[in-house]
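Right, one structure below, let's go through it.
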Amino acid sequence: LLMNAAAGGKVTKEFDMINPLKENERIEQAKSVLYIEEITAKDNWLVIKTSKEAFTIIKDDNEGGITFVDADNMPIESDFNGLTYKLKDNTYAGYEINVYKDNYYDMKIYDYTIRLKYENGFKGVTTAGQTIKIENAEQLSILKGREAFGSGRGFIWSRSVPMIKQTIIKGHGPDTFAIYFPQWDIAGKINGFREPNRVVDTPHNMYLQIAIDTGLISLIAFLLFLCIYVYNSIKNYIVSDRKEELVLNSAVFCAVISYCVAGLFNDSVVSVAPVFWVLLGLGIAQNKIIKISFVQINR
């Protein structure tokens, strides 16, 4: 409560971000402002499609030269002052293209700026200066339009789930998520974070993290391990009358379950994971002790 008061209510606002009852309201509100349907590059074309308008940028043969066409391939007139292209049609008043040397561009989409370079086609430019392809990534359809859910987790999860198709047997390796995540999905980043240049380095979900880093089979094994522990803990609580042993067992059980629930929205990190595994091992040992005691008493 003190942290929430000091932060001006930001803590409680974060809980609102994961409230499913308010999700439809957030979706409609976001679309009424701006929703990026598509930003993709192919050859010398860059296609931009939003909830408000759609057009295409075409690179011509001149240094820095570009032209514009609408969704029906009709030319859109523009003004160029030697540095900035502005479209004359008021429909596209939220767009500007700044031109720099060596075919670098800054494309302004309303309040967002995307750095581009023309290099055998339009490419995105990262904050580190690397060029990347620009295209929409494969996504989980149920989360389309919900990219901003949970402080951008909707975007991350919707692009992470399709990645599991490549890690059914073997994962990409621990801490390699940022390498394989589709960082080129600029449209999704704007919808999810309102920051087109953010680097996504974790899935913000422990179970997706396991499935992608070490494989789907690894995740299944982990879940089976947890299910066996949960089953034995509940069974011992029901059948055992040794209350002094059940107190510790129940405390450990609640801690393990709390960690697993938190894992739905957070990653497994090295500063916390060892505590979880120690508690889980303690819980399994307690279940074994209670089981042995129960068998001896009932002989």
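Here, each number is a calculation from the coordinates, and none is a lab measurement. None of the values given here were measured: they were computed from a predicted structure. All Cβ positions, even for glycine, are placed from backbone atoms using ideal geometry, and neighbour counts span all protein chains on display.
Summarising the amide proton neighbourhood of Asn136: residues at separation of 5 or more, or on other chains, whose placed amide H is nearer than 5 Å comprise Ile39.
Of the residues Leu87, Asn73, Trp184, the one whose Cα sits farthest towards the positive end of the charge dipole of the chain is Trp184 (charges of +1 on Lys and Arg Cβ, -1 on Asp and Glu Cβ, taken about the Cα centre). Overall shape: prolate for the range 112-243, with the ratio a/c of the largest to smallest alpha carbon gyration tensor axis at 1.5 or above and a/b above b/c.
At 0.36 nm per residue, minus the direct Cα-Cα distance, what do Met74 and Ile164 gain on full extension? Give it in nm, one decimal, please. Working it through step by step, the gained length comes to 28.3 nm. Cross-link reach is defined here as a Cα-Cα straight distance under 16 Å, omitting same-chain residues fewer than 8 places apart; for Lys189 the aspartates and glutamates meeting it are Glu37, Glu38, Asp111, Glu135, Glu138, Glu147, Asp201. A 29 angstrom limit on the alpha carbon distance is what I want to check against. Which of Lys123/Lys170; Lys165/Lys291; Lys165/Lys288; Lys59/Lys88; Lys49/Lys170 exceed it? Too far apart for the 29 Å limit: Lys123/Lys170; Lys165/Lys291; Lys165/Lys288; Lys49/Lys170.
Hey, in the GNM for the chain with a 10 angstrom Cα cutoff, which one of Ile57, Ile257, Ile289 fluctuates hardest? Greatest mean-square fluctuation among the candidates belongs to Ile289. When only the Cβ of Lys, Arg, Asp and Glu is charged (+1, +1, -1, -1), the dipole of the chain relative to its Cα centre reaches about 1440 debye.
Split the chain at each of the GluC sites (Glu not before Pro) in a DSSP loop with at most 10 other beta carbon atoms within 10 Å, and the longest piece is 78-299. The calculated FRET efficiency for Phe265 paired with Lys133, based on their beta-carbon distance and R0 = 30 Å, is about 0.50.
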